[in-house]
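To start, the structure itself, in structure tokens.
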Amino acid sequence: MRVEKCDIVICGAGLAGMSLLYRAMKSGLWKDQSVIVIDSIIRDKEERIWSFWKQGKTDFDELIFKDWHHLIFYSNKVERKALKTGQYTYNSISSVDFFSHVFDYLYALPNISFITAEVNEVINEQQYCRVITPEVTYSSTYVFNSIYKKPELRNGDYYLLQHFKGWRIKCSYDRPALDEAYLMDFRASQVHGTTFFYTLPVAEDVLFVEYTLFSEVVLPDKEYTTHLHAYITRVLGINTYEILKEEFGVIPMTNHRFERFDGNIIYLGTAGGDTRASTGYTFTNLQKTITKILDSWEKTGTPFFKKETLGLKQSLYDATLLGVLSRRKYHGYQLFGDLFKKTPATIIFKFLDAETSLWEDMMVMKSLRIFPFLKAFIVAVFWKIFSKK
Ligand SMILES: Cc1cc2nc3c(=O)[nH]c(=O)nc-3n(C[C@H](O)[C@H](O)[C@H](O)COP(=O)(O)OP(=O)(O)OC[C@H]3O[C@@H](n4cnc5c(N)ncnc54)[C@H](O)[C@@H]3O)c2cc1C
């Protein structure tokens, strides 16, 4: 088999791989590195909407196509709560804009090659790595791998799915105010598990509506369509609309501890544990991980860093929450209802971004029913101590 050598291989040209490469090249840190990017398909046409809250600047602010300053939570009992978001805004980026922006920049650089191929295996050889594709083996000092494989679960690992179908719809009236996004709208049947809608007005006559569930299995396609239509017509009161675009996705929600480093292989994105288990949000954690990698590169010439953003504390909290959701004694709609009713949204965002103090963590805990959480927390701590592969 043909062998090709380079400094860095990036396996997976998705959000993680391309955020890293773009930011490394923009910073000038990798200007002398030869880089090969491998993906089985170049995903530049299929749209995903990446949304996230933030209060500072990000490297992709110019791609935000809409931000919202007013966020609304609707409980399953149809109570409307305007969230106090302080300096936070909720923001959306389209993956089509993201890829067009990063590829425009990266394709022009002479030290990067893009290869379309299936990655069969990535092997750590201690001082270097090998990436096996059907026709070529790539040999490099470092591999950044964001190809996700379902992990082998250990005792105490929960594995739920966040699955959703979203529609971008054109409708001429009766939509929510343009500056107001429904962050979680639980006005939905809960028979399949924790179920809610995101409703984001993106333009005068365009809404993005997503039907989202946290559960063990995905639903037949027809179910998502039926529930989306029922919500748009009966809850939002929009009788005439046209579907402009559709997105479907499944995000793993697991407290499994993903390996970050294996020799010179660095796992990134969902594959590296950057997806927050309790929410599925990935964008912000991933960008923080990339900052750590690039800071380390600047200081030591290597990508290795010690302190994860989502550390042991977050892993225990997520295991607890997934444990509670899995047991279904304290349902997701009740839990999120209590949380948003009693805790300021600014603290919830900080908590989910792993930026809270212990005191602020207590504020979050206090808003929830203590007994289901205490039990699940003890179980999570037990497995953290005694879990073996
Ligand atoms: C539809 C959707 C919407 C989402 N919305 C949000 C959101 O609003 N906010 C948020 O924070 N997170 C969101 N997420 C979660 C997360 O941000 C995304 O999944 C994000 O794309 C993760 O980035 P990644 O690089 O880890 O994975 P991906 O972007 O999926 O990239 C992995 C890449 O690896 C390639 N690949 C896979 N297997 C192979 C192989 N064997 N050989 C070669 N290439 C391979 C794939 O083609 C893909 O391009 C969403 C996820 C989905 C699916």
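The values are calculated or read from the model by the stated rules, or taken from the named source; none is laboratory data. On a predicted model such as this, the values are computed, not experimentally measured, just so you know. Note that we place each Cβ from the backbone using ideal geometry, even for glycine, and neighbour counts take in every protein chain shown.
Listing for the model above:
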read-out: Residue in the stretch 357-377 that is within 28 Å of residue 69 (Cβ to Cβ), surrounded by fewer than 20 Cβ atoms within 10 Å (Cβ to Cβ), at pLDDT below 95 and touching a Pro at 6+ places or on another chain (Cβ under 9 Å) present; value: yes
read-out: Subset of the stretch 234-267 [more than 7 Å from the ligand (Cβ to nearest atom), assigned to a strand (DSSP E or B) and either surrounded by 16 or more Cβ atoms within 10 Å (Cβ to Cβ) or not assigned by TED's automatic domain parsing to the domain that holds residue 166 (or both)]; value: 252, 253, 254, 261, 262, 265, 266, 267
read-out: Test result for residue 346, at pLDDT 95 or above, part of a helix (DSSP H, G or I) and in the same structural domain as residue 57 (by TED's automatic domain parsing); value: no
read-out: Among residues of the stretch 21-48, those that are among the aliphatic types (A, V, I, L, M), modelled with pLDDT of 95 or more and within 9 Å of the ligand (Cβ to nearest atom), counted; value: 1
read-out: Residue count, the stretch 84-139 (criterion: assigned to a strand (DSSP E or B), out of contact with any Phe, Trp or Tyr (no Cβ under 6 Å at 6 or more places or on another chain), closer than 26 Å to residue 31 by Cβ and hydrophobic (A, V, I, L, M, F, W, C)); value: 6
read-out: Restricting the stretch 268-306 to residues that are more than 8 Å from the ligand (Cβ to nearest atom) and of a type in the set (A, V, I, L, M, F, W, C), the residue that is surrounded by the most Cβ atoms within 10 Å (Cβ to Cβ); value: 277
read-out: Yes/no for residue 213 being within 16 Å of the ligand (Cβ to nearest atom), within 22 Å of residue 50 (Cβ to Cβ) and not assigned by TED's automatic domain parsing to the domain that holds residue 44; value: yes
read-out: Condition check for residue 208: surrounded by 15 or more Cβ atoms within 10 Å (Cβ to Cβ) and touching a Pro at 6+ places or on another chain (Cβ under 9 Å); value: yes
read-out: Subset of the stretch 307-325 (residues that are surrounded by 20 or more Cβ atoms within 10 Å (Cβ to Cβ) and either without any contact (Cβ under 8 Å) to a residue 12 or more places away in the chain or more than 16 Å from the ligand (Cβ to nearest atom) (or both)); value: 317, 319, 320, 321, 322, 323, 324, 325
read-out: Any chance residue 159 is of a type in the set (Phe, Trp, Tyr) and under 26 Å from residue 26 (Cα atoms); value: no
read-out: Single unsatisfied condition, residue 77 versus (1) at pLDDT 95 or above; (2) of a type outside the set (A, V, I, L, M, F, W, C); (3) more than 23 Å from the chain's Cα centre (by Cα); value: (1)
read-out: Positions within the stretch 336-356 being touching a residue at least 40 places away in the same chain (Cβ under 8 Å) and surrounded by 19 or more Cβ atoms within 10 Å (Cβ to Cβ), in sequence order; value: 336, 337, 340, 345, 349, 352, 353
read-out: Single match in 182, 148, 142 (criterion: away from the ligand (no atom under 16 Å from the Cβ) and either aromatic (Phe, Trp, Tyr) or more than 19 Å from the chain's Cα centre (by Cα) (or both)); value: 142
read-out: Counted residues, the stretch 118-131 - those being surrounded by 15 or more Cβ atoms within 10 Å (Cβ to Cβ) and either aromatic (Phe, Trp, Tyr) or in contact (Cβ under 8 Å) with a residue 24 or more places away in the chain (or both); value: 5
